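Q: The structure's right below; bear with me while I get my questions together.
The values are calculated or read from the model by the stated rules, or taken from the named source; none is laboratory data. It should be emphasised that the depicted structure is a prediction, and the values quoted were computed from it without experimental measurement. Please note: Cβ atoms are built from the backbone with ideal geometry, for glycine as well, and neighbour counts cover all protein chains shown.
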Amino acid sequence: MPGPSQTVSALRSLLAARFPERARRPCGGPAAAVRAIDDALGGGLPAGRLTELVSAVPSGGGQTVIARLLGAAQAARQRVALVDGADGFAPGEVPDDALRHLVWVRCRAPGEAFCAADILVRDGNYAAVVLDLRGCAERVLRRTPASTWYRLQRAAEGGSVAVLVQTTLPLVPAVPWRLVLDTPLSLADAGAPRESVAGRLAVRTERSHAPAAEALAG
Amino acid sequence: MRYAVLAVPDFALHALRRGEPGLVGRPLALVAGEGRRARLTEVSNEAFGVAPGLAATLAMSRCPGIVLRARDPGAEVEAHRLLMAAAFTLSPRVESTGPGCCTVDLQGGDPARSEALMRLRAAELAGAGLPLRAGAGATPLLASYAARCADPVLIVRDPKSFLAPLPLLFADPTPGQEEILRGWGVATLGALTALPKAEVGRRMGAEGVLLWERAAGESQRVLRLAEPARSFAAEWAYEPPVESIEPLFFKLRRFAERVALELRGAGFVAEKLSLTLLLEDETDHRREFRLPEPGADVDGWMRVLNSHLETVRTDARVAGVRLVAAPARPQERQEGLFDAGLRDPASFWENLARVAAIVGDDRVGTPVPTDTHRPDAFTMERPAEAVAPPAQAPVHPPCGPVLRRFRPPWPVRVVCDAGRPIRLEEGRLEGRVCAALGPWRGAGDWWKPGAWVAETWQVEMEGGGVYQVTCTGDGWGVEGMLD
């Protein structure tokens with residue numbers, strides 16, 4: 001009788017054969033320009049998929065990730081949408097040059113953010129859509145029906161946009177990649193170049209799509 | 001082909017039906033007269049067992065469920081304007097020949113293009129509830145014969161073979177002429193034109209010659225040209241007033257289809273749309289929409305209008321609606337070779353408009369920091385069409401973690417020791433400060449109203465997290481988190 005790992009492996013192979021589009025590791029998304037994240041995701045944010053980045057501690061570096069993503073997207077001349085659930089983005093913190101390709105949606109409530117993200121993810125003009133839900137009421141976020149997330153995932157799957165969901169607690173069900181920022185930055189980082197701050201960010205991979213891709217490759 | 005005729009059979013019936021969604025697919029007949037004298041004038045295909053001329057009471061007994069309506073002059077005017085708008089996209093020389101019929105002078109145009117346009121318009125108008133028949137030929141008369149036989153477009157290239165099998169009734173003979181010709185065994189136009197014209201004239205007089213010429217499709221006439229639309233607007237009054245948005249959507253789409261065609265015919269696109277809802281209490285609700293990208297795409301307009309209407313609440317029922325499109329010349333530009341522009345500009349701008357309808361016009365766009373030292377000063381601007389290449393790296397690259405703002409700042413009481421914050425109290429963020437950087441002092445706009453002064457510190461809390469606290473004229477506040 002095959003062991004559980006063999007059964008899972010066989011099941012993965014079966015699913016990969018039946019649904020090759022789902023199992024294929026997506027690529028072509030923009031780089032986050034944060035080494036730990038790009039390494040965890042295998043080169044950059046996966047296009048056509050959701051990636052959840054959980055800022056488990058205060059000053060975990062989530063905003064630095066957004067700033068670095070904007071810089072990288074500008075270098076690649078790609079367009080980014082930032083759906084800001086709690087209106088926390090500070091334009092003055094990012095060089096002017098890295099703002100010209102940004103579409104910033106300043107929401108007042110998570111409901112607005114979900115509606116806006118649903119529209120923008122379907123638009124074919126963005127390389128990345130960042131849905132930042134940090135700062136939104138946890139109680140409201142926990143009540144978000146799973147169908148909202150599945151709808152967002154289905155919308156992303158059809159296109160070439162990479163969707164980065166920033167949260168303070170794991171929220172997205174069945175998300176292919178969930179990374180956790182669990183090491184806080186300190187005041188000592190305040191004077192360091194941003195590039196080195198980004199280099200110091202530590203990421204823990206809580207959920208990864210990689211095994212399926214490896215199984216496919218193998 | 002030199003002339004085209006665009007005609008809608010059973011025009012009054014279709015005009016009525018396209019204005020009322022509830023009539024689609026139901027047996028429908030138009031009635032003239034009142035009481036016992038009421039007779040059917042036009043009958044839809046769905047009404048079995050009845051025919052024009054039948055008494056209304058008899059029609060109701062023969063076809064249960066038939067809807068009997070009087071003609072609707074307002075709907076006919078609107079439908080005729082749509083037809084004229086379609087005609088003006090073929091040529092600027094258009095005659096309004098009659099209700100549901102217009103004649104277009106195609107001379108000088110490219111025949112292949114004209115034919116393609118006629119097919120396109122026929123399909124568009126069919127979608128808009130007007131089953132158009134278009135015919136083209138060397139004379140207006142020949143074109144009108146072609147339109148009567150078309151399905152939906154017929155081009156007459158060989159008039160003789162086209163006319164030969166057509167019944168004599170096409171040439172409108174008088175009852176007397178018809179009787180004489182029947183006696184001669186002439187039943188088709190081909191049979192009549194096979195007779196020498198002079199001999200027909202000798203036996204039937206000048207009227208006979210005219211009939212022969214009509215049968216040969218030779219009758220020429222000068223078109224009475226109509227003026228193209230100069231204002232691109234539509235208005236409708238609801239009787240009774242409406243309470244839900246479905247009738248509004250339906251009517252607005254009909255208007256939009258016509259106005260978009262009028263704009264296209266005049267070589268314009270819409271730059272702005274102005275929507276007015278006339279309310280029952282004699283007030284109105286007005287809204288102007290600057291289209292993200294000027295265009296004449298009805299679906300794009302409807303998305304913009306729908307996004308707004310879905311959020312509108314009025315104090316009274318809607319008694320009328322008015323839609324006005326501001327014309328503009330279409331944008332024509334060539335992309336740079338290395339421009340990273342929009343893949344789908346129409347979808348980009350439409351989606352932005354939809355998002356703006358959700359969060360507000362002033363809360364979507366590209367942020368541009370203002371040239372001031374005032375904290376958090378920026379404006380929201382329209383996103384650029386193309387992503388510009390990166391500029392040279394800044395001399396002073398950005399340092400430190402990025403601030404995530406709390407808008408508005410969280411009020412807090414800051415306990416200081418020797419001018420340095422050591423503890424935060426009485427706010428959403430409380431605790432001992434284990435390290436602090438600062439102060440950064442700033443002031444500005446002291447020469448005008450709205451002067452500001454601020455003292456900023458970055459503090460690291462004992463429980464973790466680096467925050468930015470600022471003291472302004474309103475007291476201390478946590479501006480955000482360094483993240």
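Q: Just to be sure, is A:GLY159 away from chain B (no Cβ under 13 Å) and at pLDDT below 90?
A: Considered against the rule, which asks whether it is away from chain B (no Cβ under 13 Å) and at pLDDT below 90, A:GLY159 comes out as no.
Q: Here is a follow-up. Scanning for something over 21 Å from B:MET302 (Cβ atoms), of a type in the set (Phe, Trp, Tyr) and buried (at least 21 other Cβ atoms within 10 Å of the Cβ), does the stretch B:218-240 turn up at least one residue?
A: Scanning the stretch B:218-240 turns up no residue that is over 21 Å from B:MET302 (Cβ atoms), of a type in the set (Phe, Trp, Tyr) and buried (at least 21 other Cβ atoms within 10 Å of the Cβ).
Q: Just need a number here: residues in the stretch B:214-262 that are β-branched (Val, Ile, Thr), modelled with pLDDT of 90 or more and over 17 Å from the mean Cα position of the chain (by Cα).
A: 0
Q: Okay, next question. Please name all residue pairs, on different chains or six or more residues apart, with Cβ atoms under 8 Å, provided the first residue is in the stretch B:104-133 and is in contact (Cβ under 8 Å) with a residue 24 or more places away in the chain and assigned by TED's automatic domain parsing to the domain that holds B:ASP151 and the second residue is among the acidic types (Asp, Glu) and part of a loop (DSSP other than H, G, I, E, B).
A: If the second residue must be among the acidic types (Asp, Glu) and part of a loop (DSSP other than H, G, I, E, B), the pairs left are B:ARG133/B:ASP151.
Q: Evaluate the following for B:ARG413: is it in contact (Cβ under 8 Å) with a residue 40 or more places away in the chain, surrounded by fewer than 13 Cβ atoms within 10 Å (Cβ to Cβ), more than 22 Å from A:ALA56 (Cβ to Cβ) and of a type outside the set (Ser, Thr, Tyr)?
A: Judged against the criteria, B:ARG413 is a match.
Q: Moving to a separate point now. Restricted to the stretch A:89-112, and to residues that are surrounded by fewer than 24 Cβ atoms within 10 Å (Cβ to Cβ) and under 19 Å from A:LEU141 (Cα atoms), which residue is nearest to the other protein chains (Cβ to nearest Cβ)?
A: A:GLU112
Q: Provide a single number: the residues in the stretch B:175-210 that are β-branched (Val, Ile, Thr) and under 30 Å from B:PRO131 (Cα atoms).
A: Count: 1.
Q: Would you check which residues across the stretch B:428-441 are in a strand (DSSP E or B), within 12 Å of chain A (Cβ to nearest Cβ) and either at negative phi or hydrophobic (A, V, I, L, M, F, W, C) (or both) and list them?
A: Hits for the stretch B:428-441 are B:VAL433, B:CYS434, B:ALA435, B:ALA436, B:LEU437, B:TRP440.
Q: Also, quick follow-up: Can you say whether A:CYS115 is in contact with a Cys (Cβ under 9 Å, 6 or more places away or on another chain), crowded, with 24+ Cβ neighbours inside 10 Å and either acidic (Asp, Glu) or at the interface with chain B (Cβ under 7 Å from one of its Cβ atoms) (or both), as far as the supplied structure shows?
A: So A:CYS115 does not fit the description; no.
Q: Still on this structure: For the stretch B:88-105, does any single residue satisfy the condition of being of a type in the set (Asp, Glu), part of a loop (DSSP other than H, G, I, E, B) and over 20 Å from B:ALA12 (Cα atoms)?
A: No; the residues of the stretch B:88-105 include none that is of a type in the set (Asp, Glu), part of a loop (DSSP other than H, G, I, E, B) and over 20 Å from B:ALA12 (Cα atoms).
Q: Also: Working only within the stretch B:81-130, note down all residues that are hydroxyl-bearing (Ser, Thr, Tyr) and under 17 Å from B:ARG264 (Cβ atoms).
A: Selection gives B:THR89, B:SER91, B:SER114.
Q: Within the stretch A:29-52, can one find any residue that is polar (S, T, N, Q) and more than 7 Å from chain B (Cβ to nearest Cβ)?
A: Yes, because at least one residue in the stretch A:29-52 is polar (S, T, N, Q) and more than 7 Å from chain B (Cβ to nearest Cβ).
Q: Further question on the same structure: Where residues in the stretch B:354-382 are outside any helix (DSSP H, G or I) and under 15 Å from A:ARG108 (Cα atoms), which of them is nearest to the other protein chains (Cβ to nearest Cβ)?
A: For the stretch B:354-382, the residue satisfying everything is B:VAL364.
Q: Residue under question is B:PRO196, and the condition is that it be surrounded by 14 or more Cβ atoms within 10 Å (Cβ to Cβ) and either outside the structural domain of B:SER307 (by TED's automatic domain parsing) or free of Cβ contacts under 8 Å to residues at least 60 places away in the same chain (or both); does it hold?
A: The answer is no for B:PRO196.
Q: Being out of contact with any Gly (no Cβ under 7 Å at 6 or more places or on another chain), part of a strand (DSSP E or B) and not aromatic (Phe, Trp, Tyr) narrows it down to one of B:THR57, B:THR41, so name that one.
A: B:THR41
Q: Let me ask something else about it. Could you grab me the full set of residues in the stretch A:135-151 that are under 22 Å from A:PHE89 (Cα atoms) and of a type outside the set (D, E, K, R)?
A: A:GLY135, A:CYS136, A:ALA137, A:VAL140, A:LEU141
Q: Just to be sure I understand, how many residues within the stretch A:63-104 are in a loop (DSSP other than H, G, I, E, B) and either among the charged types (D, E, K, R) or under 15 Å from the mean Cα position of the chain (by Cα) (or both)?
A: 5
Q: Pull up the stretch B:371-390, narrow it to residues that are closer than 26 Å to B:ARG343 by Cα and without any contact (Cβ under 8 Å) to a residue 12 or more places away in the chain, then point me to the one that is surrounded by the most Cβ atoms within 10 Å (Cβ to Cβ).
A: B:PRO390
Q: Being within 22 Å of B:PRO131 (Cβ to Cβ), in contact with a strand residue (DSSP E or B) (Cβ under 9 Å, 6 or more places away or on another chain) and either among the aromatic types (Phe, Trp, Tyr) or buried (at least 17 other Cβ atoms within 10 Å of the Cβ) (or both) is the filter here, so list the residues in the stretch B:42-66 that pass it.
A: Listed by number, the residues that qualify are B:GLU42, B:VAL43, B:SER44, B:ALA47, B:VAL50, B:CYS63, B:ILE66.
Q: If you don't mind, there's one more thing I want to ask. Of all residues being out of contact with any Lys or Arg (no Cβ under 9 Å at 6 or more places or on another chain) and closer than 27 Å to A:GLU112 by Cα in the stretch B:334-351, which is modelled with the highest pLDDT? Just the residue, please.
A: B:TRP349
Q: Pairs needed: first member in the stretch B:391-404, without any contact (Cβ under 8 Å) to a residue 24 or more places away in the chain and facing chain A (nearest Cβ under 7 Å); second member anywhere, of a type in the set (Gly, Ala, Ser) and not in a strand (DSSP E or B); C-beta distance under 8 Å; at least 6 residues apart or different chains.
A: B:PRO398/A:ALA67; B:CYS399/A:ALA190; B:CYS399/A:GLY191; B:CYS399/A:ALA192
Q: Right, another one. Check the stretch B:406-421 and report whether any residue there is farther than 30 Å from B:PRO294 by Cα and facing chain A (nearest Cβ under 9 Å).
A: yes
Q: Answer yes or no as to whether B:ALA4 is of a type in the set (A, V, I, L, M, F, W, C), in a helix (DSSP H, G or I) and touching a residue at least 24 places away in the same chain (Cβ under 8 Å).
A: no
Q: Let me ask you something else. Evaluate the following for B:SER114: is it at pLDDT below 90 and among the polar types (S, T, N, Q)?
A: Judged against the criteria, B:SER114 is a match.
Q: I want to confirm something. Restricting to the stretch B:443-483 and keeping residues that are within 12 Å of another protein chain (Cβ to nearest Cβ) and of a type in the set (Gly, Ala, Ser), which single residue is farthest from the chain's Cα centre (by Cα)?
A: Once the filter is applied, the top-ranked residue is B:GLY463.
Q: Can we say A:ARG134 is closer than 29 Å to B:HIS396 by Cα and of a type in the set (Lys, Arg)?
A: No: the conditions fail for A:ARG134.
Q: Also: When B:LEU211 is evaluated against the numbered criteria (1) at pLDDT 85 or above; (2) aliphatic (A, V, I, L, M); (3) over 30 Å from B:PRO167 (Cα atoms), which criterion, by number, is the only one it fails?
A: The single condition B:LEU211 does not satisfy is (3).
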